[in-house]
1. Looking at region 127-150, I want the residues that are in contact (Cβ under 8 Å) with a residue 24 or more places away in the chain and have a partner that is loosely packed, with under 12 Cβ neighbours inside 10 Å and part of a helix (DSSP H, G or I) with Cβ atoms under 6 Å, at least 6 apart or on another chain. Which pairs are those?
2. Restricting to region 5-18, give me the number of residues that are in a strand (DSSP E or B) and out of contact with any helix residue (DSSP H, G or I) (no Cβ under 9 Å at 6 or more places or on another chain).
3. Would you check if there is a residue in region 46-54 being touching a helix residue (DSSP H, G or I) at 6+ places or on another chain (Cβ under 7 Å) and over 30 Å from residue 3 (Cβ atoms)?
4. When you scan region 48-70, how many residues do you find that are free of Cβ contacts under 8 Å to residues at least 60 places away in the same chain, buried (at least 16 other Cβ atoms within 10 Å of the Cβ) and more than 15 Å from residue 126 (Cα to Cα)?
5. Step by step: first the residues of region 19-33, then only those that are at pLDDT 75 or above and assigned to a loop (DSSP other than H, G, I, E, B), then the one that is surrounded by the most Cβ atoms within 10 Å (Cβ to Cβ). Which residue is that?
6. Regarding region 84-97, can at least one residue be identified that is surrounded by 12 or more Cβ atoms within 10 Å (Cβ to Cβ) and modelled with pLDDT of 95 or more?
């Protein structure tokens, strides 16, 4: 990835629970059908002063494919974390490394790239059902409204 893209987005994919469906164990696939990567977790809103999170409950149970990132935007003041995961998707069947991103596992954040361009990122939306879920629709719509200045 070009460095400008990493700065704009704020995170780069490192892993998800099974790496890919062919590396999921039989136990993971049995517990989390169909392929082992789609799992429940609890989202906690970290910043309510943003259109993407203003109307969302403080915590919410969701099922999605959760990503861990190579860098954690929590450690960079350039990014503002909007929502995080409780990491309940990491269980005895899933090695904590590289998934665990303590103390805070961000899943949505924003920045203003070079003080000019607004950037909004969410790690949600890897399932078809997401696009029919009121929670996710509010989150993405609020993010797009903020990016476009609407």
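1. none
2. Selection size over region 5-18: 1.
3. yes
4. So the count comes out to 1.
5. For region 19-33, the residue satisfying everything is 32.
6. Yes, some residue in region 84-97 is surrounded by 12 or more Cβ atoms within 10 Å (Cβ to Cβ) and modelled with pLDDT of 95 or more.
The values are calculated or read from the model by the stated rules, or taken from the named source; none is laboratory data. As the structure is a prediction and not an experimental result, all values here were calculated from the model. Neighbour counts are summed over all protein chains in view; Cβ atoms, including those assigned to glycine, are modelled from backbone coordinates with ideal geometry.
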